[in-house]
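Taking it in order: structure first as structure tokens, then the write-up.
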Amino acid sequence: MRWFRRLFNVFRRENVSAEIDRELSFHIAERVDEYVAAGMTPDGARRRALLEFGGFGAHKEHTREMVLNVSIEAFLQDLRFAVRMLLKNPGFAAAVVATLALGIGPSTAIFSVVDFLLVRPLPVQAPSKLVVPYVQQHGNSLQPAFSVPDYRDLQRDNSDVFSGLLASRELIDGLGFSGKAEKVMDLYVTGNFFSVLGLKPALGRFFASTEGERALADPVMVLSYAYWKSRFGGDPNIVGKAVAIDGRAITVIGIAPEGFYGVSPWANIQGYIPLGMAPISGADPDDFLENRRYRAISLLGRLRPGVSVQQAEAALDVEAKRLSRDHAAEDADLRLPLFPEPATRFDDPRNGTLTVVSTLFLGLSAVVLLLSCFNTGNLLAVRATFRQSELALRAALGAARGRLRQQLLVEWSVLSIGGGIAGTALGLFLSSLAGAMKLETDVPIRLDFHFDWRVLLFAVISTLTAGVIGGIAPALHGSRRNLNSSLNEGGRATTAKHRRVRSAMLMAQVGGAMTLLIAAGLFAHSLRRAEHTDLGFDPDHVLNFTMDPLLTGYNRSQGTEFFKTLLERLREEPGVISASTAYAAPMSYVVVGDTLSIKGFETPKGQPRPRAMYNTVSPDYFATLHIRLTHGRGFTEADDDRGDPVAIVSEAFAERYWPKLDPIGRTFTMLSNPGHDPRVVGVAADVRYRGIAGPIAPYFYVPFAQRPGTDSWATVQIRTAPSADSMVPEIERALASIDPDQPVWDLKTMHQGLYTMWGLLIFRLAAGLGAFLGAMALMLTLVGLYGVVSYDTSRRTREIGIRIALGARPSEIVRMVVRYALVILAVGLAVGFAGSLATSRFIGQFLILSPLDPLVYVLVSTSLTLVVLLACLVPAGKAARLDPISALRIRRER
Amino acid sequence: MPKNKNDILQGTLVLLVLKTLSSQKRMHGYAMTNHIQRVSSELLRVEEGSLYPALHRLENEGLVRAEWATTENGREARFYSITSKGRSEFAREEENWERLTEGVRRVLRYA
């Protein structure tokens, strides 16, 4: 009621003011009468009455505060005043807003990436209940790959913990519809897929629960909403029509809801097909629905309400033991660990490399944010001292101290909100840059760093943090001053304490910048190292492209023939030195591995069974990539499906499994392909297929013509005489003349192909991001230091003038200013060194050099020293050239 | 700011104002200061700087009512009078005061 009345009074405040004026004037008039009656002169009486009454203005203000709801009125007033003050000082306002934006923008952008990678739930019903089971056999690495029979057992036996368990398999298909087939990413799914996820079709229907159980029985598909829009223009009549998937007719029965992209955030699924249809894409054998040995599907379960991940995992433990017992041939020594879905998105859910990387870069961007806070803090403190006399004057005229503080706070809030908005805009821009990042693959990978509410919340929290850190010190500074001294000294008073606070902030700034620059330098140096690492092959003059004739309906042996002819034709092209195929080019996203039993090698007790990555290659592969064969022979055209199974192993393979023995003539068995035990005919030098640093894992090769499985996916590699990129048009022309209907993708040089997440891209990203954050930090430090030093020297104009008048030489003045900067620099470098030591353990695992690399440390401290000197030399020079006469005459320099 | 001995203790001003108004029909601020000074035999002096904010607060709280009227010597003044809500508040305040002074007296006698 009372509050309401005061609020109401706000609207008649002009009246209120006049009323209070009248009331107080009446009081004074009565008092004057009293004194006159007592015998004083009217003038004397009036003076005495006013003196006794005290500050008329202050009393009036005070009374007004009682009458009006001052908090609102004052706030509106302060807001108007703040905007007016800032508009009068656009340079200052712009500097603060820009500085804040530079801090808030990058961290928000980085958070948007982290949000996408680790946090944002799948666009399905109750995503927090989704869990992913893994397979771990013989203590080997975790694989999210199950066989269909194992999946069926799991689904049957665990309905008490899972309300639903679905399986899916990602495959690249060719989708033909009136014309050339287009490469699409399809998800082959169990019939319960959409119902477990709780989705409703945008159009048509989804699968029945029985669809997908039998091989090749259900030629139907559901299109993703986005693909339906882009390929078919959103034509509703497509439902019921047939399209060609890898050359077979399949009927479109429905459209998935808008915004649904599948069950892993990075894969943009374009079509959904019943699991039983997977053999049409050629990747899976026809019996894969019954073959317990063939592990190709990944699972996603929905926990029943009230069931924890631990409880579900305990149930799976029981299941794993039963499977190991009942199916010892395939499932011996099985474990089935279970993880919440977000942990399984990008790498091994146990080590959380991505979490570490995310934390690292969020941490580094937080340093930039902190630096920008310090900078704005300094800017505000400088401004507060400039405004000291204004504030003192207003306090003397009756402004309450709390009111002044509130006003500074409102002004600061306007600035920080401006900074927050500008920062969010900058963040949006930066994250759109990141989203446009080239991953060196034509596979539809989703990089959706859009700003959802979490990112916006992060931006708001960053802004609030920046507001609190940047605003506290100067706000206190501005209001808690002795009015008298401020007025008397013409706003020149600067206590040692404020200078100390400023110096400490500068030191922290130099330290933070050093930490960031060291990280950036280490990443950059790592990238240089990585680019010059001996990869075991020669990436120069090599052109790659990928084809899969199965996409247009070829079978396995037709696929083999297709590539044989293709390679022959390519070799006839001028400029082509040699041409070959491989399943997996080095550093590509394609990878295949198997668990092995190796004759002559006993797995030590408690150790995992041998497991190795392998490649299926054509005979010329080693010649094309310049991979050295150290023993035995390479593959020949005679090593085909009629010949004996053969293999070439890497040196690391021979070293690990047949140490000190001749590997030639020895055999091993691939778990997924028993009965075709290849015999080793040669040893090849180690090649880095995945990762630039660390020991090279064992690897082996089998001939393309003897490849296990039915698939014909291959990357063609061509060694060219001229530079590889100059050959692109000729190769395109040649391919068009050989078979214009075959989709070709990832046509690019081997050098470009190295910049993948497994290869150099991670180093380039780290170096780029590090350099960006480092440059921000350097700029903020330069600006901050320059600002504070020039402010400081201008405050000391009188003192410097006196020094010069008393005979100080310019060099001494310069030295005085530089000395201050050097102290800041020295302490800052020490802080930065400590900071770098603290982060080195974190950063070390992403480097291919020591995190204490002396070259980086020397370069960074030298460049920081230069920057600091640069920042203080200009103001120092100005101070040294000071004319003592005018310096002493100026009372106030504003 | 040095405290004057006969400055009114914070919080007792409201009590004094309510007491003054409950014994008089209506009164303006100036008369109140004089009244309190006189009745207390010059022991208490009301600070104008505290009186007017206090009066306006009491008005907002509905404990007093204010109206403009003309004084005997023809000036416009703001006259205050107590409301029934003000009377019950005064009773409560007075009781509080009694208790406080009684307590203080006991402590002083004891220690």
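The values are calculated or read from the model by the stated rules, or taken from the named source; none is laboratory data. Note that the structure is a prediction, hence the values are computed from the model and not measured. FYI the Cβ positions are ideal-geometry reconstructions off the backbone, even for glycines, and counts take in every protein chain you see.
With respect to A:Ile280, determine if the residue is among the hydrophobic types (A, V, I, L, M, F, W, C) and part of a strand (DSSP E or B). Write out each step before concluding.
Details: among the hydrophobic types (A, V, I, L, M, F, W, C): yes; part of a strand (DSSP E or B): no.
No, not satisfied.
Are any of the residues in the stretch A:593-609 among the acidic types (Asp, Glu) and farther than 18 Å from A:Asp677 by Cα? Show your work before the answer.
From the stretch A:593-609, those among the acidic types (Asp, Glu) are A:594, A:602; that's our starting set.
Next cut, farther than 18 Å from A:Asp677 by Cα only: none.
Checked the stretch A:593-609: no residue is among the acidic types (Asp, Glu) and farther than 18 Å from A:Asp677 by Cα.
May I ask you to list pairs of residues, at least six apart or on different chains, whose Cβ atoms are under 7 Å apart, with the first in the stretch A:685-706 being closer than 17 Å to A:Ile627 by Cβ and modelled with pLDDT of 90 or more and the second being of a type in the set (Asp, Glu) and not in a loop (DSSP other than H, G, I, E, B)?
Correct list of pairs: A:Ala685/A:Glu651; A:Asp686/A:Glu651.
Restricting to the stretch A:241-252, name every residue that is in a loop (DSSP other than H, G, I, E, B) and in contact (Cβ under 8 Å) with a residue 24 or more places away in the chain.
Of all residues in the stretch A:241-252, those in a loop (DSSP other than H, G, I, E, B) come to A:241, A:246-247.
If the condition is that a residue be in a loop (DSSP other than H, G, I, E, B) and in contact (Cβ under 8 Å) with a residue 24 or more places away in the chain, then A:Asp246, A:Gly247 are the ones that fit.
Residue pairs, Cβ under 8 Å, 6 or more apart or interchain, first in the stretch A:394-410 and on the phi > 0 side of the Ramachandran plot and surrounded by fewer than 16 Cβ atoms within 10 Å (Cβ to Cβ), second part of a helix (DSSP H, G or I) and modelled with pLDDT under 75. List them.
Pairs found: A:Gly398/A:Gly57; A:Gly398/A:Ala58; A:Gly398/A:Lys60; A:Gly398/A:Glu61.
Pick from A:Arg611, A:Arg569, A:Arg642: which is out of contact with any strand residue (DSSP E or B) (no Cβ under 8 Å at 6 or more places or on another chain) and closer than 21 Å to A:Gly709 by Cα? Spell out the reasoning first.
Details: A:Arg611 fails: out of contact with any strand residue (DSSP E or B) (no Cβ under 8 Å at 6 or more places or on another chain); A:Arg569 fails: closer than 21 Å to A:Gly709 by Cα.
Only one candidate passes the filter, namely A:Arg642.
How many residues are assigned to a loop (DSSP other than H, G, I, E, B) and more than 30 Å from A:Ala329 (Cβ to Cβ) if we restrict to the stretch A:555-601? I'd like the intermediate steps shown before the answer.
We begin by selecting, within the stretch A:555-601, every residue assigned to a loop (DSSP other than H, G, I, E, B); these are A:555, A:573-575, A:583-592, A:599-601.
With more than 30 Å from A:Ala329 (Cβ to Cβ) added as a condition, the list becomes A:573-575, A:585-589.
Of the residues in that region, 8 qualify.
Is there a residue being within 14 Å of chain A (Cβ to nearest Cβ) and out of contact with any Asp or Glu (no Cβ under 6 Å at 6 or more places or on another chain) anywhere in the stretch B:90-111?
Going through the stretch B:90-111, the residues within 14 Å of chain A (Cβ to nearest Cβ) turn out to be none.
No, there is no match, as no residue in the stretch B:90-111 is within 14 Å of chain A (Cβ to nearest Cβ) and out of contact with any Asp or Glu (no Cβ under 6 Å at 6 or more places or on another chain).
If you take just the strands (runs of 3 or more DSSP E) that sit entirely in the stretch A:616-676, which of them hold at least 2 residues that are more than 44 Å from the chain's Cα centre (by Cα)? Break it down stepwise before answering.
Working: elements: A:629-632, A:646-650, A:668-670.
Of the strands (runs of 3 or more DSSP E) lying wholly inside the stretch A:616-676, those with at least 2 residues that are more than 44 Å from the chain's Cα centre (by Cα) span A:629-632.
Only residues that are touching a strand residue (DSSP E or B) at 6+ places or on another chain (Cβ under 8 Å), surrounded by 17 or more Cβ atoms within 10 Å (Cβ to Cβ) and over 14 Å from B:Arg78 (Cα atoms): list them for the stretch B:37-57, please. Reasoning before the result, please.
Of all residues in the stretch B:37-57, those touching a strand residue (DSSP E or B) at 6+ places or on another chain (Cβ under 8 Å) come to B:37, B:45, B:47, B:55.
Among the residues that remain, those that are also surrounded by 17 or more Cβ atoms within 10 Å (Cβ to Cβ) are: B:47, B:55.
Listed by number, the list holds a single entry, B:Glu47.
Could you list all residues from the stretch B:57-107 that are assigned to a strand (DSSP E or B), of a type outside the set (Val, Ile, Thr) and either within 20 Å of A:Asp21 (Cα to Cα) or out of contact with any helix residue (DSSP H, G or I) (no Cβ under 8 Å at 6 or more places or on another chain) (or both)?
Result: B:Arg65, B:Ala66, B:Glu67, B:Trp68, B:Ala69, B:Glu76, B:Ala77, B:Arg78, B:Phe79, B:Tyr80.
Might you let me know whether the stretch B:43-65 holds any residue that is in contact (Cβ under 8 Å) with a residue 24 or more places away in the chain, more than 12 Å from every other protein chain (Cβ to nearest Cβ) and under 24 Å from A:Asp33 (Cα atoms)?
Yes, that holds for at least one residue.
Only residues that are at pLDDT below 75, among the aliphatic types (A, V, I, L, M), under 17 Å from A:Glu23 (Cα atoms) and part of a helix (DSSP H, G or I): list them for the stretch A:46-81, please.
Passing the criteria: A:Ala58, A:Met66, A:Val67.
Given the conditions (1) in contact (Cβ under 8 Å) with a residue 40 or more places away in the chain; (2) surrounded by fewer than 20 Cβ atoms within 10 Å (Cβ to Cβ); (3) under 25 Å from A:Ser580 (Cα atoms); (4) β-branched (Val, Ile, Thr), report the number of the one that A:Ile664 does not fulfil.
That leaves (1) as the condition not met.
Only one of these is under 17 Å from A:Gly521 (Cα atoms) and hydroxyl-bearing (Ser, Thr, Tyr): A:Thr839, A:Thr797. Name it. Spell out the reasoning first.
Working: A:Thr797 fails: under 17 Å from A:Gly521 (Cα atoms).
Criteria check complete, one pass: A:Thr839.
Across the stretch A:172-190, what is the number of residues that are part of a loop (DSSP other than H, G, I, E, B) and buried (at least 20 other Cβ atoms within 10 Å of the Cβ)? Break it down stepwise before answering.
Here is the first cut: in the stretch A:172-190, the ones part of a loop (DSSP other than H, G, I, E, B) are A:177-181, A:190.
From what's left, buried (at least 20 other Cβ atoms within 10 Å of the Cβ): A:181, A:190.
Number satisfying all stated conditions: 2.
Among A:Phe92, A:Phe111, A:Phe116, which is the only one that is over 30 Å from B:Ala54 (Cβ atoms), away from chain B (no Cβ under 13 Å), surrounded by 16 or more Cβ atoms within 10 Å (Cβ to Cβ) and modelled with pLDDT under 85? Break it down into steps so the answer makes sense when it comes.
Numbers: A:Phe111 fails: modelled with pLDDT under 85; A:Phe116 fails: modelled with pLDDT under 85.
Exactly one residue qualifies, and that residue is A:Phe92.
Do we have any residue at all in the stretch B:19-35 that's over 18 Å from B:Glu89 (Cα atoms) and more than 14 Å from chain A (Cβ to nearest Cβ)?
So in the stretch B:19-35, the residues over 18 Å from B:Glu89 (Cα atoms) come out as B:27-35.
Narrowing further to those that are more than 14 Å from chain A (Cβ to nearest Cβ): none.
No, because not a single residue in the stretch B:19-35 is over 18 Å from B:Glu89 (Cα atoms) and more than 14 Å from chain A (Cβ to nearest Cβ).
Looking for something free of Cβ contacts under 8 Å to residues at least 12 places away in the same chain and of a type in the set (D, E, K, R) - is there at least one such residue anywhere in the stretch A:125-137?
No, the conditions are met nowhere in the stretch A:125-137.
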